[in-house]
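**Q** One structure, pasted below without further comment.
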Amino acid sequence: MHTDRGRLKGARGLTHYPLTVLSLGAAISMGLAQSGSAASSSAMTYSRERVSLAKPATGPYLALAQKLSGEIASHIGHSLSLSLGVVINSTQEVGPDILAYANPEDKTGGSAGAATQCVVHVNPLLYNSKIVTDTNATLAHEVFHCFEAMDYPTVSAFDSAPDWLIEGAAEWVGATLEPAPDNYWYPYLSMIKTPLFSRKYDAIGFYAHMSDSGEDTWHLLDPMLKAGSSAAAYNVAADKTVRLTWASSLARQPSFGAGWDTTGPGIIGRRYHPAITLLRTGTVVKGTVAPYTNMLVPFNPSADVVTVTTSTPYSRMHEAGGSTVDDLTGTHQYCVNECTQCPDMKAMPRLAPGATWLAVTGDSGGASYTVTGGPPTCGACLVGNWIVTNLTFDASVIIYSGGAGTTVDIATDGTAVSDFTPGDALVAANGSTVKFSGTETDHYSFPPDTKQLSGSFSATTIIAGETITYGGAPPVAVKPGSTTGSYQCVGSGLTLSFPAGGNVLVYKMIPAAPTAPATKP
């Protein structure tokens, strides 16, 4: 005999969370609040000590099924065209944890043709519970399977339809008509990386999110079922608001504003708990979001500048100051600290210190994101802690080269501290040497347009603590002064060039400290 979707559809199995042993009587007392899960059945052991009651009459169950059929019809916009029947099973059928199941059939009693009749089978597990919410929600779930069968050309096509459509929609319908805590919400709320198309009953949350987003979910059910594929059904279901707020709704932060919480029939007090990353200068948080999944990336910025990049318009960020930014496609920079020190940082939007949430919906094509903590951008690439790889001293007649290890630290206010002591000596082609030693402090006047990667700047000595030694001669103090230099940024490197006492000094430098390792939630 044909049974509903491989003998499993319609099952409202008892939860496999979070207890390890649960008697059947206790499980039933929890009702549909404990219906189903994605966990392995080996995680739960059941005791079968409850005494079975006498088989009840069919009439009241049939009347209830017909009443629920009428309620569904009033919401979905059409009546059930199949003949509806109810069978009360004397023994537990299909599975030990199945409350009831629906069995649509074609006119021959098989599955090759279009459905013409649908019989809901009620198991002892349900009628022994005597809990009204169990009975009403379960029968609503099963009767809706009969409505679903109408949308498929054959019963076998209905049987092979994806569970997220068939079971997820039926679970939402049952919970909507008979609200009661439903633990199918548990995996939806806590396992946000599970693709929608891999879900079963726990897809209830997606249908609830459709309603939260302002969609008429009832009238979208038939078009979704008739769409022909999971991807096509998703495109029917998900408008721009659904896609934009799907990930953010899973944060369950109602104080953040619209789209930052999910609600729905039978929802439980559960949410995803990602770790909050302290975003220092050099910290990089990046990752990918698989299609039809979601990602929440909370971080606390301590760096002066935060750069956020995503590949999708279905991304949003809620910052600690209370505002939400939608559509972070591309690269966006935010100032966190020291935001008045230069025009470039003044022009940036602010990001308040504290917990900031980035939400990214994978949608149909997947997505990527990167969040980086960076230094101030004043002076463009001039600002930073640098280490010299080569220092060229053009003394007109002789050109010296070397100086690797010299450090140059350029602050956002233009203060530049050069420490020549750790640098190597400079050597000419004829073997003669020059050694710079000591520390010199200068003030650099940054160019007006800090975004340019090359240009000129002025340097004025504040503290002249530098000496220069030619070969074995005594060291000579370098006199303070002012000069105009030029800079060029290439990749992550910086070249400084400026005259010094009729000579020319050229610094080729790289960042002194390596970038902190990336983290991925």
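Bear in mind these aren't lab numbers, they're just calculated from the coordinates by the rules spelled out. Keep in mind that what you see is a predicted model, and the values were worked out from it rather than measured. Methodologically, a virtual Cβ is constructed for each residue, glycine included, from the backbone with ideal geometry; neighbour enumeration extends over all protein chains shown.
**Q** With +1 on each Lys and Arg Cβ and -1 on each Asp and Glu Cβ, how big is the dipole of the chain about its Cα centre, in debye rounded to the nearest 20?
**A** 660 debye
**Q** For the chain, give the share of DSSP beta bridges that are antiparallel, in percent and rounded to the nearest 5; count only bridges with both residues there. Could the numbers behind the result be given before it?
**A** Working: 100 of 115 bridges.
If we restrict to bridges inside the chain, about 85 percent are antiparallel.
**Q** Sticking with this structure for a sec: Loop by DSSP (not H, G, I, E, B), at most 16 other beta-carbon atoms within 10 Å: where is the longest site-free stretch of the chain for trypsin sites (Lys or Arg not before Pro)?
**A** Details: sites that count: Arg48, Arg50, Lys107, Lys130, Lys193, Lys226, Arg270, Arg271, Arg280, Lys451.
In short, 281-450.
**Q** I need the peptides 165-173, 440-448 ranked by packing, meaning the mean over residues of other C-beta atoms within 10 angstrom, with the highest value on top. Walk me through the intermediate numbers first.
**A** On the way: 165-173: 27.4, 440-448: 17.7.
Those peptides, ordered most packed to least, come out 165-173, 440-448.
**Q** Output the pairs from Lys286/Lys508; Lys193/Lys226; Lys193/Lys346; Lys346/Lys479; Lys193/Lys451 with a Cα-Cα distance over 29 Å in this structure; if there are none, say none. Display every interim value, and only then the final one.
**A** Values: Lys286/Lys508 31 Å; Lys193/Lys226 27 Å; Lys193/Lys346 38 Å; Lys346/Lys479 36 Å; Lys193/Lys451 39 Å.
Going by Cα-Cα distance, Lys286/Lys508; Lys193/Lys346; Lys346/Lys479; Lys193/Lys451 fall outside the 29 Å limit.
**Q** For the chain, what does the helix formula give at 222 nm: sum of -39500 (n - 2.57) over DSSP H segments with n ≥ 4, over the residue count, nearest 500 deg cm²/dmol?
**A** After summing the helix terms and dividing by the residues of the chain, the value is -6500 deg cm²/dmol.
**Q** What are the chymotrypsin sites (Phe, Trp or Tyr not before Pro) within the range 116-169 that DSSP puts in a loop, where the Cβ has at most 16 other Cβ atoms within 10 Å?
**A** In loop regions of the range 116-169 (DSSP not H, G, I, E or B), there are no sparsely surrounded chymotrypsin sites (Phe, Trp or Tyr not before Pro).
**Q** How far, in degrees from 0 to 90, does helix 132-149 lean away from the longest principal axis of the Cα atoms of the chain, to the nearest 10?
**A** That works out to roughly 80 degrees.
**Q** Now for a different question. In whole angstrom, note down how far apart the Cα centers of the range 347-415 and the range 212-227 are.
**A** Their Cα centres are 49 Å away from one another.
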